[in-house]
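The values are calculated or read from the model by the stated rules, or taken from the named source; none is laboratory data. Please read all numbers here as calculations on a predicted model, not as lab measurements. Ideal geometry is used to build each Cβ from the backbone, glycine not excepted, and the neighbour counts take in all protein chains shown.
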Amino acid sequence: MRSSILITMASMLITLPVFGVVPEASKKPARSGALKTTITGKRMEMRSKGNVVIFSDDAQVTRGDTQLKAQTITQDKKADMVTAEGNVVFKAKTEKGEPLNAQAQNMQYYMEKQSGALWGGRPIVSYHMTGSTQPAVLTADRVEFDRQVQEVRAYGDVSVVTSSVTALGAFARLDEQNHMIWLDGEQGQPKLIADDKGKTHTFVADHITVWMDRRRIQLEGRVYGTIQKPE
């Protein structure tokens, strides 16, 4: 049997054993500008005087530590951009050498800027962040990321799941530079579920911030929550 404690307030700061600390990677990946881009596929079609090239049937892009696979990949040479369609699988590394993996039905990726977007089929992103022993797994209707500023943004029915925290909302931002996950409640209050030594904390608020390196959670604006614990 479990007992419950109801909490209602304007703001709240709590500290939980949310993440274990792991050492940062010491070796950074090579800069994108010094790398060669290779695109392959079983079929190739050229358009716009060769400025647009379409690769299909097991198409693949490789550039340094970045790999993109899809049924069809269209290269826009002038924009230095590729558009992938169908069973997209994306693998890369952050500036600190930690893995970033993603799956979706569609993707646009700017090679030099190292930024892009995923949509279709509920994109899934597995993103290792400093201070976490396990990756945060993010799902949403649309995901945008920028490897240069080390940021991932998610829109629409967002879910962020870690080893001990589940965060739900309409928008989320994963910020590697500041080691944080931020959820906004402009389109409905985000929700946080956390486990602390057998206690289940469930909160909703206008804004939720999780600092991964500090093991802290801040709740701001119309905070409402419960803490359940075994009797």
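Within segment 168-188, take every residue that is modelled with pLDDT under 90 and buried (at least 19 other Cβ atoms within 10 Å of the Cβ) and give me the one that is nearest to Asp213 (Cα to Cα).
Applying the filter and picking the extreme gives Met180.
So which residues in segment 142-169 are among the basic types (Lys, Arg) and over 25 Å from Asp65 (Cα atoms)?
none
Would you be able to tell me the number of residues in segment 194-207 that are exposed (fewer than 15 other Cβ atoms within 10 Å of the Cβ) and of a type in the set (A, V, I, L, M, F, W, C)?
Residues flagged as exposed (fewer than 15 other Cβ atoms within 10 Å of the Cβ) and of a type in the set (A, V, I, L, M, F, W, C) within segment 194-207 amount to 0.
Within segment 181-231, which residues are farther than 16 Å from Val165 by Cα and among the polar types (S, T, N, Q)?
Keep residues of segment 181-231 that are farther than 16 Å from Val165 by Cα, which gives 184-189, 206, 220-224, 229-231.
Gln187, Gln189 - these are the residues of segment 181-231 that are farther than 16 Å from Val165 by Cα and among the polar types (S, T, N, Q).
Output the qualifying pairs, or none if there are none: Cβ atoms under 7 angstrom, residues six or more apart or on different chains, first residue in segment 158-169 and in contact (Cβ under 8 Å) with a residue 24 or more places away in the chain and polar (S, T, N, Q), second residue assigned to a strand (DSSP E or B) and surrounded by 21 or more Cβ atoms within 10 Å (Cβ to Cβ).
Filtered contacts from segment 158-169: Thr162/Ala136; Ser164/Ala194.
Would segment 209-221 turn up any residue that is assigned to a strand (DSSP E or B), farther than 17 Å from Gln103 by Cα, touching a Lys or Arg at 6+ places or on another chain (Cβ under 9 Å) and touching a residue at least 24 places away in the same chain (Cβ under 8 Å)?
yes
Go through the residues of segment 69-92 one by one and say whether even a single one is touching a Leu at 6+ places or on another chain (Cβ under 6 Å) and in a loop (DSSP other than H, G, I, E, B).
No.
Within segment 93-121, restricting attention to residues that are outside any strand (DSSP E or B) and of a type in the set (D, E, K, R), which residue is farthest from Thr139 (Cα to Cα)? Outline the logic, then answer.
Within segment 93-121, the subset outside any strand (DSSP E or B) is 94-98, 111-114, 120-121.
Now restrict to residues that are of a type in the set (D, E, K, R): 95-96, 98, 112-113.
Numbers: Glu95: 22, Lys96: 23, Glu98: 19, Glu112: 26, Lys113: 23 Å.
Selected residue: Glu112.
Considering each residue of segment 159-189, count those that are of a type in the set (Gly, Ala, Ser) and in a strand (DSSP E or B), and give that number. Don't jump to the end; show me each part of the working.
Quick first cut of segment 159-189, residues of a type in the set (Gly, Ala, Ser) only: 159, 163-164, 167, 169-170, 172, 185, 188.
Okay, now just the ones that are also in a strand (DSSP E or B), so 159, 167, 169-170, 172.
Within segment 159-189, residues that are of a type in the set (Gly, Ala, Ser) and in a strand (DSSP E or B) number 5.
Which count do you get for residues in segment 122-158 that are modelled with pLDDT of 95 or more, not charged (D, E, K, R) and not in a strand (DSSP E or B)?
2
Which pairs have Cβ atoms under 6 Å, sit 6 or more apart or on different chains, and link a residue in segment 96-120 that is more than 18 Å from Val160 (Cβ to Cβ) to one that is of a type in the set (Phe, Trp, Tyr)?
Matching pairs, first to second residue: Asn106/Trp119; Gly116/Tyr109.
Which one of the conditions (1) under 14 Å from the mean Cα position of the chain (by Cα); (2) surrounded by fewer than 17 Cβ atoms within 10 Å (Cβ to Cβ) does Phe90 fail to meet, given that it meets all the rest?
(2)
Check off (1) modelled with pLDDT under 90; (2) more than 12 Å from the chain's Cα centre (by Cα); (3) of a type outside the set (D, E, K, R) for Val82 and give me the number that stays unchecked.
Unmet condition: (1).
Can you tell me which residue is farthest from the chain's Cα centre (by Cα) among those in segment 190-208 that are small (Gly, Ala, Ser) and not in a strand (DSSP E or B)? Show your work before the answer.
Applying the first criterion (small (Gly, Ala, Ser)) to segment 190-208 yields 194, 198, 205.
Now narrow it down to the ones that are not in a strand (DSSP E or B): 198, 205.
On the way: Gly198: 28, Ala205: 21 Å.
For segment 190-208, the residue satisfying everything is Gly198.
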